[in-house]
1. Hey, R135 hits all of (1) open to solvent by less than 10 Å² (accessible area, probe 1.4 Å); (2) in contact with a Lys or Arg (Cβ under 7 Å, 6 or more places away or on another chain); (3) not in a strand (DSSP E or B) but one; which does it fall short on?
2. Restricting attention to region 304-348, and to residues there that are of a type in the set (A, V, I, L, M) and under 31 Å from the mean Cα position of the chain (by Cα), which single residue is modelled with the lowest pLDDT?
3. Which of the residues that make up region 360-377 are in a helix (DSSP H, G or I) and touching a residue at least 24 places away in the same chain (Cβ under 8 Å)?
4. Name the residue, out of R145, R181, that is surrounded by 21 or more Cβ atoms within 10 Å (Cβ to Cβ) and basic (K, R).
5. Any residue that is more than 41 Å from the chain's Cα centre (by Cα) and at pLDDT below 80 - is there at least one of those in region 45-58?
6. Show the residue pairs meeting these rules: Cβ distance below 6 Å; 6+ apart or different chains; first residue within region 324-352 and part of a helix (DSSP H, G or I); second residue open to solvent by 50 Å² or more (accessible area, probe 1.4 Å).
7. Within region 151-181, how many residues turn out to be in contact (Cβ under 8 Å) with a residue 60 or more places away in the chain and out of contact with any His (no Cβ under 7 Å at 6 or more places or on another chain)?
8. Might you check whether a residue that is buried (at least 16 other Cβ atoms within 10 Å of the Cβ), out of contact with any Ser or Thr (no Cβ under 7 Å at 6 or more places or on another chain) and outside any strand (DSSP E or B) occurs anywhere in region 193-202?
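The values are calculated or read from the model by the stated rules, or taken from the named source; none is laboratory data. Nothing here was measured: the structure is a model prediction, and the numbers come from that model. Note that we place each Cβ from the backbone using ideal geometry, even for glycine, and neighbour counts take in every protein chain shown. For the accessible areas, the whole protein counts, side chains as well, though only heavy atoms, and no ligand, DNA or RNA atoms are used. Shrake-Rupley method; radii C 1.70, N 1.55, O 1.52, S 1.80 Å.
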Amino acid sequence: MTGRKTAAARTSRGGRGLKPSRLAAGDILRVGAVGLRARRTRVVLSALGIAIGIATMVAVVGLSTSSRADLMARLDRLGTNLLTAEAGEDTLGNDVVLPKNAVAMVERIGPVRHATATGQVDTRIRRSDVVPEERTAGVTTQAARPDLLEALGAEVDRGVWLNSANERLPVTVLGSIAAKRLGVTAPGEKIMVNDRYVVVVGILRPVELVPTLDRVAMVGFPAAERYFGFNGHPTTIFERSTDASVEDVAAVLARSVNPGHEGTVKVSRPSDALEAKATTDKGLTALMLGLGAVALLVGGVGVANTMVISVLERRQEIGLRRAIGATRGAIRLQFLTESLLLSALGGLVGVVLGAVATWAFALAQGWTTVIPAWAAAGGFGATLVIGMLAGLYPAIRASRLHPTVALNAS
């Protein structure tokens, strides 16, 4: 009885008993890093799978965001207040002819700031008279007013635009694609319109709001009537109004252009096409993010596989640590730390690769590089979650190894 009391007194002397040792945070990181440094090739290959997934996700979000930012900047520059009214067909399927004074009637609408028009001209365009008449290169002719460029926000790339001095002469301004198809590279060259040579005085830059004009040869209204049998009736009306009144103007535009036959006039907003493109880009971004997530998941499986093999190869190390006092919790923490470090390495490399890819592609396209902070942070955070999940089973398996069995493993 006395011996028992003496032993109990020795055990509780000073209020202290034996407690398992605990590793500090710095020690945990060092122990986890040692395991990775010992197997560098395997670590690189496993981290590469994570890096590819994260790089894909960051690049997809960055490119999509950069593209939309460029698109919104273009919309801000071009404006969303441009409306077009085009002649359609009547109930019998015949082409409708708009009144010659359609532009003047549109200008009477209160909020309208600017109105102009183009008219379809029935011609055949060839590079020269030695080219067969049926080979028109897919270029059409339209009559245009001198104020068209101002209304559309378009610009001349080379040469000059139609003006009061040349709109009555047999001269033309080519759209960017029309010039390429006809092989015209500079103002001063001639093309054949019907059986008459016409001098090219200008070549336009791509017209973003009305891309159909890129494939057109434009002549002045007076010249079209004098030389090519144009009837003087416009086929498309362009108007700009105040931003706040676009919807109101759209509601009365058809009735103003062709009173009594508004059902034959098609009213549209060119900027809607650009906005629709932005919406399409969002859908494509979601699809590509899904593919990036799949790649990330595959990378996570690779990490889990690496950690399971690591546990099998290091059973003696685990047994030795357990024999000298390491707890199951310490073993679990060691392997979980290794998995997190491995995933973090892949995630960091992936974020850098994704950012570089976004910057390079955006630079090639002339965009401003925009990489949302949430994309980089979210991608890196996802790698840590993947690393934790991938390392959980191997860590538990390692902690359950009995020291004696582990030390005797070959």
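1. Here R135 clears every test but (1).
2. So the residue we want is L342.
3. If the condition is that a residue be in a helix (DSSP H, G or I) and touching a residue at least 24 places away in the same chain (Cβ under 8 Å), then F361, A362, Q365, A375, A376 are the ones that fit.
4. R145
5. No - not one qualifying residue is present in region 45-58.
6. If the second residue must be open to solvent by 50 Å² or more (accessible area, probe 1.4 Å), the pairs left are G347/F380; V351/F380.
7. 2
8. Checked against the condition, which is being buried (at least 16 other Cβ atoms within 10 Å of the Cβ), out of contact with any Ser or Thr (no Cβ under 7 Å at 6 or more places or on another chain) and outside any strand (DSSP E or B), region 193-202 yields no hits at all.
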